[in-house]
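First comes the structure, then the notes that go with it.
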Amino acid sequence: MFTDAAPRKANRAQFLNSDRLKTLDLPRNARLASITELIERAMNSERGPDVRRACAEFLDAASSFYGVPVCGIRVLAARPLRVRERGTFELFGDYDPGTSMIRVWMRTAVRKKITSFGTFLSTLCHEFCHHLDFKKFGFANSWHTRGFYERAGVLYHHARGTPVKKLFWVPVAGGRWWIDWQRTNPGG
Ligand SMILES: [Zn+2]
């Protein structure tokens, strides 16, 4: 998981704000966690319409908590072969800022294997955080900064009822960062 490089001029200040903003307010109840269980049950049954309904409920609840307009959701059986999300390829979902539409797919493009529930939920939270970048924080773009991944992780662990992991970042060429998964997930 790599971060984007900082823009040189335009929106550089916003990029740095996104990078620094490492946490999100969270609801003080278990509503998202209970909807997450519905998503998991629907995933296990492999019924697309049930998965879609549960994801929509999750996004409604999250949007209302964060005071942003609700975003749309499409759950697709398999990933389109080529998906470009603002210059990045994402494996399991995307977000269109023009239509506020999230798409997630239940199966991988090539082998048609079902996406693991953890990956699926983490994708949903990731795409919702793109929505928050535009609608809550008012950023002109939604970059994959360190802060972005931290915020998405905070939301994911809240939704799953698991403790937030400390992410270990390693600088790479071009002012970008990647997550050292061995240190982040020791033994896992
Ligand atoms: Zn993304």
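Which one is surrounded by the fewest Cβ atoms within 10 Å (Cβ to Cβ), of the residues in region 140-158 that are among the aromatic types (Phe, Trp, Tyr) and within 13 Å of the ligand (Cβ to nearest atom)?
As a first pass, look at region 140-158 and keep what is among the aromatic types (Phe, Trp, Tyr): 143, 148-149, 156.
Cutting the leftovers down to within 13 Å of the ligand (Cβ to nearest atom) gives us 143, 148-149.
On the way: Trp143: 23, Phe148: 24, Tyr149: 21.
Among those that are among the aromatic types (Phe, Trp, Tyr) and within 13 Å of the ligand (Cβ to nearest atom), it is Tyr149.
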Scan region 11-56 residue by residue and report those that are of a type in the set (Val, Ile, Thr), part of a helix (DSSP H, G or I) and touching an Asp or Glu at 6+ places or on another chain (Cβ under 8 Å). Ile35
Look at region 1-37 and say how many of its residues are under 18 Å from the mean Cα position of the chain (by Cα) and without any contact (Cβ under 8 Å) to a residue 24 or more places away in the chain. 1
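Read the figures in this text as sums done on the coordinates, not as results from a lab. Computed from a predicted model, the values in this text were never measured in an experiment. Counting neighbours? That spans all protein chains shown, and the Cβs are built from the backbone with ideal geometry, glycine included.
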